[in-house]
Amino acid sequence: MWRRNLYAAWLSQILSITGFGFVLPFIPFYIQELGVTDPDQLRLWTGVLAGAPALSMALMAPVWGIIADRVGKKLMMLRAMLFGAIIVSLMSTARSPEMVLVLRIAQGLFTGTVTASGALVATGTPKERLSYALGFLSSATFIGVSLGPMVGGFAGEWLGYRSSFLIGGAMLAIGFVLVLTLVKETNASPGQKRETASDERDVRKSDGKESPAAGGGPTPLRPQLAKFLSRSMLGLFALIMVLRFVRPLPVPFLPLYVQELRGQLAGSATATGLISAGRGAVTALAAITIVRLGDRHSRSLLIGILL
């Protein structure tokens, strides 16, 4: 079952990231179509629209995580993909950059397919195959990052920007159906359950409040908080935050840079999509090859080498 869930989540993630990525090569061009032509205003709107979903997602991600522990990870995947399909489709109706901004903020608040699918796969995969499963799943993100901008760039040039939003929304809707019909949420493997129970007992003992665990109920909040506040978790949190801040910095402005280099708007969406596709393809290859070393060697050492 864990393999079936992994492959279904992988395919749905490709569709999801491709659907979201459909719009990336031409958002700065779409803003120009909506009437923003001043270079300074254009750069400002490009940065704001790129950062808005990330900021709103940062606010809601812990909330969705707590809800997922109570209602299940599959339901969170369905929520993320359904809202993604609706919001991306609605962007085709925008008549001003302000409306696009509202929808981009909503995208961050109500989506988050990568986190939801990762949580589902991680909790149902045997520990000895966890690096493989998460590495394989992460390849879907980069395949989607490759396909989305590449195909979206061509679609934007030939079909128009508004039609491309609808195509992206349709891809997310197909991913929703795949999750609904193919994914079956499972509990953690026996080894993981034993480790979790042991961790919770250790936390209760350290608090001096040994108490029986509530069988079958949600994971207590205090053990979760203790795990998060551990030195290794805080270090990993800081590392991911820095990487997520540094790596995407130039991405929103790539379309404008391509337009500047080419000296014209026509064809710039296609060129931007091809550049983004190349970057995503190389990263996807690394995700299904190098990451698998984590099943045989120290994951901390592997992270240090890759950095």
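The values are calculated or read from the model by the stated rules, or taken from the named source; none is laboratory data. Keep in mind that what you see is a predicted model, and the values were worked out from it rather than measured. Neighbour counts run over all protein chains shown; Cβ positions are idealised from the backbone, glycine included. Please note that ligands, DNA and RNA were not included when accessible areas were found on the heavy atoms of the full protein model with its side chains. Shrake-Rupley method; radii C 1.70, N 1.55, O 1.52, S 1.80 Å.
Odds and ends about this structure:
- The sole residue among Ala94, Ala122, Ala106 that is among the aliphatic types (A, V, I, L, M), over 20 Å from Leu166 (Cα atoms) and open to solvent by less than 40 Å² (accessible area, probe 1.4 Å) is Ala122.
- When region 266-288 is filtered for residues that are in a loop (DSSP other than H, G, I, E, B) and at pLDDT 70 or above, the ones remaining, listed by number, are Ala266, Gly267.
- Number of the exception - Gln13 against (1) surrounded by 22 or more Cβ atoms within 10 Å (Cβ to Cβ); (2) at pLDDT below 90: (2)
- Residue in region 53-62 that is open to solvent by less than 40 Å² (accessible area, probe 1.4 Å), part of a helix (DSSP H, G or I) and of a type in the set (A, V, I, L, M) present: no
- Residues of region 33-44 satisfying the condition of being open to solvent by 40 Å² or more (accessible area, probe 1.4 Å) and either of a type outside the set (D, E, K, R) or touching a Gly at 6+ places or on another chain (Cβ under 8 Å) (or both): Gly35, Thr37, Pro39, Gln41, Leu44
- Residue selected from region 67-79 under the condition among the aliphatic types (A, V, I, L, M) and in contact (Cβ under 8 Å) with a residue 60 or more places away in the chain, by the criterion most open to solvent (accessible area, probe 1.4 Å): Leu78
- Residue match in region 142-149 (condition: more than 20 Å from the chain's Cα centre (by Cα), closer than 24 Å to Gln259 by Cβ and open to solvent by 30 Å² or more (accessible area, probe 1.4 Å)): no
- Picking from residues in region 150-175 that are free of Cβ contacts under 8 Å to residues at least 12 places away in the same chain and assigned to a helix (DSSP H, G or I), the one that is least open to solvent (accessible area, probe 1.4 Å) is Leu159.
- Residue within region 113-120 that is farther than 18 Å from Ser16 by Cα and touching a residue at least 40 places away in the same chain (Cβ under 8 Å) present: no
- Among the candidates Ser139, Ser131, residue that is modelled with pLDDT under 85, surrounded by 18 or more Cβ atoms within 10 Å (Cβ to Cβ) and more than 27 Å from Arg79 (Cβ to Cβ): Ser131
- Test: residue in region 104-117 that is of a type in the set (Gly, Ala, Ser) and assigned to a loop (DSSP other than H, G, I, E, B): yes
- Just one of the listed residues (Arg204, Arg244) is basic (Lys, Arg), at pLDDT 65 or above and assigned to a helix (DSSP H, G or I), namely Arg244.
For every residue, the table says whether it meets (1) part of a helix (DSSP H, G or I); (2) in contact (Cβ under 8 Å) with a residue 60 or more places away in the chain; (3) closer than 30 Å to Pro126 by Cα; (4) under 13 Å from the mean Cα position of the chain (by Cα).
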residue: Arg4; (1), (2), (3), (4): yes, yes, yes, no
residue: Ile17; (1), (2), (3), (4): yes, yes, yes, yes
residue: Pro25; (1), (2), (3), (4): yes, yes, no, no
residue: Val36; (1), (2), (3), (4): no, yes, no, no
residue: Asp40; (1), (2), (3), (4): yes, no, no, no
